[in-house]
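The structure under discussion appears below in the form of structure tokens.
The values are calculated or read from the model by the stated rules, or taken from the named source; none is laboratory data. These numbers were taken from a predicted model, which means no experiment stands behind them. FYI the Cβ positions are ideal-geometry reconstructions off the backbone, even for glycines, and counts take in every protein chain you see.
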Amino acid sequence: MTETKTLEGSDPAGSMPDPSPAERAREAPDLSHVWVVAAEVEVTPRIAKTADYRGSFKASAGQRIDALEVYCKGCRRPYDEVTGQDCSAKVDNRHLIGGNQSTRAKRKIPVPPRNARVVPGGRIQRRGIEAYVGGVSRPAR
Ligand SMILES: [Zn+2]
């Protein structure tokens, strides 16, 4: 059974009360990784039932847990590859994916040449056999 547990070891401020947003903006941005461990934990049948139902469970104190993989929760890169570097998920990289993904980009309307005249075309049948015969999916004869 594989369980993913979040053990935020690199976040010492996690237990302290959050500073105000203005206070946070003054200090340098925290680009550190948030390390998590994918772990394999052997459990009793009773805990297995709870974990299956709730999706979480309490491990017993002092229990040693086998770490399958250590990686960053933000950028999801393995520990040995990115330790000591800034977390790429915290460096603003929205421009690499074409801006804000929650809003759709405006359709670009092509600008016709200055002396162009717009001539309305005929009606194009795009469905059924007429579309095939009419040359939508192959050149018209
Ligand atoms: Zn990271």
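Per the conditions (1) loosely packed, with under 15 Cβ neighbours inside 10 Å; (2) among the aliphatic types (A, V, I, L, M); (3) within 14 Å of the ligand (Cβ to nearest atom), the sole criterion not satisfied by A89 is (1). Among the candidates V118, V136, the residue that is over 29 Å from D30 (Cβ atoms) and modelled with pLDDT under 80 is uniquely V136.
Selection of segment 44-83 for residues being assigned to a loop (DSSP other than H, G, I, E, B), more than 16 Å from the ligand (Cβ to nearest atom) and either exposed (fewer than 13 other Cβ atoms within 10 Å of the Cβ) or under 26 Å from the mean Cα position of the chain (by Cα) (or both) yields T44, G55, S56, F57, K58, S60, A61, G62, Q63, R64.
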